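Working notes, beginning with the structure itself.
Computed from the coordinates by the stated procedures, all read-outs in this text should not be read as laboratory data. Keep in mind that this is a model prediction, so the values were computed, not measured. In this analysis, Cβ positions are derived from the backbone assuming ideal geometry, glycine residues included, and neighbour counts consider all displayed protein chains.
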């Protein structure tokens, strides 16, 4: 959890891709009481089924936490829900593109 | 032969559904034309697995099957193993799907494209009261799904009793919007059939995220009934969105706390009714959860306590049917629930027999011994309580084992955590106590999850 890296810019909206992925992984682990450590969730590992094994209830829980943390609402229309939650990278990219906080 | 009409809608232009995506109303005339079109495409088989995810497609499929005297099969999940079991149960089964990428290993019938209004004569089909229109399956305790046939008359009478109880008026132009799928008893009864039998309309969508629920509500006219579950209602409230006007809320699948029920009612300014039932019985009781923890039985239905078991009987239930919950204070008209019988677990509304889960776990090649464990649900925790499992399986890792389990059980029952241990904490007679499993999962150093 200790991040020794000093960042001069502290506004969250300019978080780097890797930092955001780490942050989202930590949110997921905390919100779902997952057995894995956040840094064990690799950016391109699937979150559903054979990867982290999330199901739709998990997705609802994570969506709620994400919506509060980043000020966005996830929507199921137009975008493919399975795609957003297919990997940590895709989820983080989606957040980066929609976040208001 | 006495019959009951397929739907209660009266005139060809009565609205029976709303298409959320394009905002269009579907009239009874269009619905019956869609039903007739689908009937003409049906293969010979007399059993159908209706996997349509669009609720309107599902309803057309169900109606067409009923009109063509085919039985809709409704298993609790669609894992490859359950599909194999369904095929063994009904070798002539085919699958109706509206998903181009449906990979279910059954002969498939793609839901046809919408057709133009046809000019055929308008007639509401009359259905034989005793016709078996659906078979709903529970997980059974031996790993084999157990069939529960539903006759047309039983479905019609239980839903009419429900509509009366919750004050859902007939032909009121009400729209039912549901966050739960139509493929199990609650969704079937409260999001599809109740619209048919009260002359109201269903909404084709199954909104998932809170923002989707709000959008779907605002896209259909009032009065609106939101048909949902505790998990969906909690996330909807927690999202702090402006919820469009709702006139009534239904919840089922798992008990709501009185606090959540009161929060939902005050936030939405609408009454919330909880529905109680089971796959075996269909719905049998309701309660206004913000005001009472007592469940009120539907008229004519009785609970009978006998040999420490409780059975339901009367009304639409023709034979004594055992209930899988623990009851208290049973009177002629109401009762209290005190949890479920030990073998039956309920995660986010999905039920499964623990004995059957253990049977499945121990039948996985490479598993020498294994057991599932359901932790006590923590009422204060906002997240869903999950199953744990421990296994002796030196040749397997977690990924392999979970992947094999996934063939047999719905994802919601997959264990979390899954501990690999050298020996299960069985006593000298080989019995595995709940206390010993509790200790196992609460001692941090005993197990490791094979990664």
Could you work out how far helix B:28-41 tilts from the main Cα principal axis of chain B, as a 0 to 90 degree angle to the nearest 10?
60
With contacts defined as alpha carbon pairs under 8 Å and 6 or more residues apart, what's the relative contact order of the stretch A:16-98 in percent?
34
Would you mind ranking A:61, A:26, B:280 by Cβ crowding within 10 Å, fewest neighbours first?
A:26, B:280, A:61
Assertion target for A:69, B:21, ordered by fewest C-beta neighbours within 10 angstrom first, is B:21, A:69
C-alpha long axis of helix B:80-89 to longest principal axis of chain B, angle in °
60
Any idea what Rg and Dmax come out to for the protein assembly as shown if you just take the C-alpha atoms, in Å?
24.1, 82
Estimated 222 nm signal from helices in the protein assembly as shown, with DSSP H stretches of n ≥ 4 weighted -39500 (n - 2.57), rounded to 500:
-8500 deg cm²/dmol
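Name the shape class, rounded, prolate or oblate, that the alpha-carbon gyration tensor gives for the stretch B:345-442, where a ≥ b ≥ c are the square roots of its eigenvalues, rounded holds for a/c under 1.5, and otherwise prolate holds if a/b is larger than b/c and oblate otherwise. Provide the component values of the computation, followed by the final result.
Numbers: a/c = 1.71, a/b = 1.18, b/c = 1.45.
The shape class here is oblate.
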Run through all the Cα pairs of the stretch A:16-98 and give the fraction in each 10 Å bin from 0, expressed as whole percent.
18, 61, 20, 0
Which order do B:316, B:9 fall in if you start with the one that has the fewest other Cβ atoms within 10 Å?
B:316, B:9
Is the stretch B:1-53 rounded, prolate or oblate when judged by the Cα gyration tensor, a ≥ b ≥ c being the square roots of its eigenvalues, rounded requiring a/c under 1.5 and prolate requiring a/b larger than b/c?
oblate
So the angle from the long Cα axis of helix B:258-268 to the longest Cα principal axis of chain B, reported in degrees to the nearest 10, equals 30
Over 10 Å intervals from 0, what percent of Cα-Cα pairs in chain B sits in each interval?
4, 20, 29, 27, 15, 5, 1, 0
Computed over the stretch B:164-247, the relative contact order (Cα-Cα under 8 Å, seq sep at least six) in percent reads 35
Normalising by the residue count of chain B, find the relative contact order in percent from Cα pairs under 8 Å and 6+ residues apart.
12
